[in-house]
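Enquirer: Please read through the structure below; I'll follow up with questions.
What follows draws every value from the coordinates through simple rules; no lab data is involved. Since the model is a prediction, treat every value here as computed from it, not as a measurement. Methodologically, a virtual Cβ is constructed for each residue, glycine included, from the backbone with ideal geometry; neighbour enumeration extends over all protein chains shown.
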Amino acid sequence: MSGDRGGESAPGPGAGPSDVFRLDGKRVLVTGGTRGLGEQIVRLLAAAGARVATCARTAGDLGALEASLPTEEPGAVFTEALDLTAPDRLEAFVQAAAERFGGLDGVVACAGGARGRGLEEADARDWSATWELNVGHAARLVKAAVPHLRRSGGGSVVVIASISGWKPGPQAQYGAAKAAQIHLAASLARELGPDHIRVNAVSPGSMLIPGKRWDRMRAEEPERYARFTAEVPCGGLVTPLEVARVVAFLLSDASSGISGAHLPVDRAQNAPTPNGY
Ligand SMILES: NC(=O)c1ccc[n+]([C@@H]2O[C@H](COP(=O)([O-])OP(=O)(O)OC[C@H]3O[C@@H](n4cnc5c(N)ncnc54)[C@H](OP(=O)(O)O)[C@@H]3O)[C@@H](O)[C@H]2O)c1
């Protein structure tokens, strides 16, 4: 195994293209590209030569991202502030990105997350909001992108699920939505295969992201964090860069034989929670 495991913390603007598949000329749309995994994917794709469109609700974060991306080609990055759960906004953004780039070769459904807490605290709105943010947005994204991917002669779709959709753990509304994303990808791979559109699901393990849950646990509850990460045999939690590299591979022509697959990227993490389930 290479000594480079991506490090214990997520790299920022310095993430370079040297160890990823080149994506020169590819036109890719990534949802939720301003923080965490989405940000790493956008940075890596741009560094690998792709033109990248991304969206998030916070305009200031999109501006900061664009300003910090060292792109060689003017207009290689296209961003728009929007709530992708609002009717028609995501579809309009897909259309605008395709017009801006002259087509699309790939999309990544990365935005996601949970609404509400455990079963007895979460209400019906939490369940439907979690479904819409994860599964609904992914399905709408693919539907809006298909005509553009078809015109490009095919393309690659990556749905970011989670090991919580693969192995059980609270919050159930999140795991159920993530499991549905894994199934969605496999089903759409069969449906869109004749159009040379590949669809795969990637399930990150618990990612170490600066300021987020596991990073806070590392700072505030170091003993609990040590017990949790001791369960990960490959040396600590997976980083967003390690997951982004797999996404870049799936978007590249080097992965042309892979469709309908579910790829956990979790350093063999056995359980998605520090409680062992
Ligand atoms: N973090 C983990 O350990 C982990 C583990 C397994 C799987 N995952 C999955 O990996 C993906 C990324 O997770 P993350 O933790 O990196 O995400 P994050 O840090 O919470 O970032 C989410 C991104 O999506 C955007 N976003 C959220 N809601 C949106 C909405 N309604 N409309 C438009 N943009 C929206 C956010 O920007 P704004 O807030 O400005 O809108 C941000 O850019 C998710 O699908 C998550 O379920 C995460």
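Enquirer: Subtract the Cα-Cα distance of LEU119 and LYS143 from 0.36 nm times their separation in residues, and report this length gain in nm to one decimal.
Expert: 5.5 nm
Enquirer: For Cα pairs less than 8 Å apart in space and 6+ apart in sequence, what is the mean separation divided by the residue count of the chain, i.e. the relative contact order in percent?
Expert: Values: 550 pairs, mean separation 55.9, N = 277.
RCO, the chain: 20 percent.
Enquirer: For the stretch 116-127, what does the Karplus curve 6.51 cos²θ - 1.76 cosθ + 1.60, with θ = phi - 60°, yield as ³J(HN,Hα) per residue in whole Hz, taken in order and with x for Gly and Pro?
Expert: Once rounded to whole Hz, the list reads x, 10, x, 4, 7, 8, 6, 10, 4, 5, 4, 5.
Enquirer: Follow-up. Does the stretch 55-108 classify as rounded, prolate or oblate by the C-alpha gyration tensor (a ≥ b ≥ c root eigenvalues; a/c under 1.5 gives rounded; else a/b over b/c gives prolate, otherwise oblate)?
Expert: oblate
Enquirer: Could you let me know the centre-to-centre spacing of the stretch 34-79 and the stretch 149-211, using Cα atoms, in angstrom?
Expert: Here the answer is 21 Å between Cα centres.
Enquirer: Non-local amide H neighbours of ILE209 (under 5 Å, H modeled in plane, Pro and chain starts lacking H): which ones?
Expert: Correct list: TRP214, ASP215.
Enquirer: Something else about it: Using a simple spin-label model with points 7 Å from Cα along the Cα→Cβ vector, what separation in nm is obtained for SER128 and ALA268?
Expert: 4.5
Enquirer: Separation between the GLU231 and ARG100 pseudo-spin-labels, each 7 Å from Cα along Cα→Cβ, expressed in nm?
Expert: Modelled inter-label distance: 4.1 nm.
Enquirer: Now, a different point. Could you tally the net charge around GLU99, taking each other residue with its Cβ under 14 Å from the Cβ of GLU99, Lys/Arg +1 and Asp/Glu -1?
Expert: Local charge sum for GLU99: +2.
Enquirer: What residue among ALA177, ALA96, ALA244 shows peak mean-square fluctuation when the chain is described by a Gaussian network model with Cα springs under 10 Å?
Expert: Most flexible of the set in this elastic network: ALA96.
Enquirer: Further question on the same structure: Apply the Karplus curve 6.51 cos²θ - 1.76 cosθ + 1.60, θ = phi - 60°, to the phi angles in the stretch 98-104 and return the couplings in whole Hz, x for Gly and Pro.
Expert: Along the stretch 98-104, the couplings run 5, 5, 4, 8, x, x, 9 Hz.
Enquirer: OK, next. With a Förster radius of 22 Å, plug the Cβ-Cβ distance of ARG89 and ARG190 into 1/(1 + (r/R0)^6) and report the FRET value to the nearest 0.05.
Expert: Once the sixth-power term is evaluated, E becomes 0.15.
Enquirer: Shifting gears a bit: Are any of the pairs LYS167/LYS212; LYS143/LYS212; LYS26/LYS212 more than 24 Å apart by Cα-Cα distance, and if so, which?
Expert: LYS143/LYS212; LYS26/LYS212
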